[in-house]
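Remarks on the structure that follows.
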Amino acid sequence: MNILKYYKMNEDVTPPKFATDGSACFDICANIEENVPITVYRMSNLKVKVKPDNIRFRIAPADRVLVPTGLIFDIPEGHSVRLHARSSISLKKGLIIPNGEGIIDSDYYHQTYVMLYNASADEVLIKDGDRIAQGELIKTYEYEIKETEDIPEQKTNRVGGFGSTGVK
C-alpha cells in the first residue's frame, strides 16, 4: 500500500481525509488565517492580495483565487496528486478549478494551494475549514516522447473531431 504523507503548517490546518469508506478521493480544506493575504486574479488579470475578514474571504464573480490549504504533501516518487473540484461547490456555488485539474508533482515540496474560479454571478464566501477540493494519489507512468517520420495511420472508423461522432 502506498502512503501519502502530509505536514500541517499550523495547528489549525484541517487534515485531508476520505469522507466515506468508498471515497476515491480525499477532501482538502481551506486554511484561512486572519492576517495572511489571499492571492486573487481579477477578470482583468490584475493580481491583488486580499486580507481575509475573520478567517473568511469572498470570491467575486470571474475572480481566480489561490486558496491556501496549510498542507505540504510528501508525495511518493513515481506518483502525483491530482486536485479535482468538489461536485457540490461546482454545482451549488459555481466554483471550478480553472485549468480543469490541478497536478502536484512528487518533487513539489511547498504549501498546496487550490486554484478556484468563480463562474457564478454571485460572490462566494470561503471560510477556514471549508472543503474546497478533492485530492487523488495517482501512479505516474514513465514514458518517452519521441518524434517520428511517419504520419500516424487511422486506427478505427473515426473521422474528425469536435463532435464528429455525433451527439446521440
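Worth a mention:
- Accessible area per residue was computed with a 1.4 Å probe on protein heavy atoms; HIS110 scores about 90 Å².
- Mean-square fluctuations from a GNM of the chain, with a 10 angstrom spring cutoff on Cα atoms, peak among TYR143, TYR117, TYR109 at TYR143.
- Separation of the stretch 89-168 from the stretch 13-87 is 16 Å, based on Cα centroids.
- Residues GLU33 and LYS5, FRET efficiency given R0 of 25 Å [Cβ-Cβ distance, rounded to 0.05]: 0.65
- Lys pairs under 29 Å by Cα in the stretch 90-160, provided they are eight or more residues apart or on distinct chains: 4
- In nm, spacing of pseudo-spin labels at ASN99 and THR140 (7 Å Cα→C-beta vector): 1.4
- For ILE38, the amide hydrogen comes within under 5 Å of the amide hydrogens of VAL50, LYS51, counting only partners 5 or more places away or on other chains and with H modelled in the peptide plane.
- Student exercise, the chain dipole from Lys, Arg, Asp, Glu Cβ charges, in Debye to nearest 20: 760
- Nearby aspartates and glutamates by direct alpha-carbon distance to LYS51 (threshold 19 angstrom, same-chain neighbours under 8 apart not counted): ASP12, GLU33, GLU34, ASP63, GLU123, ASP128, ASP130
- Length-normalised contact order for the stretch 36-168 - Cα pairs under 8 Å, 6+ apart - percent: 27
- Under a model in which nothing but the beta-carbon of Lys, Arg (+1) and Asp, Glu (-1) is charged, the stretch 111-168 shows a dipole of about 360 debye around its Cα centre.
- Probe 1.4 Å, accessible area per residue of the chain, Å²: 70
The values are calculated or read from the model by the stated rules, or taken from the named source; none is laboratory data. Quantities reported herein were computed from a predicted structural model and do not represent experimental measurements. No Cβ is skipped: glycine too gets one built from the backbone with ideal geometry, and neighbour counts run over all protein chains shown. To get the accessible areas, we keep the full protein, side chains included, count just its heavy atoms, and leave off ligands, DNA and RNA. Shrake-Rupley method; radii C 1.70, N 1.55, O 1.52, S 1.80 Å.
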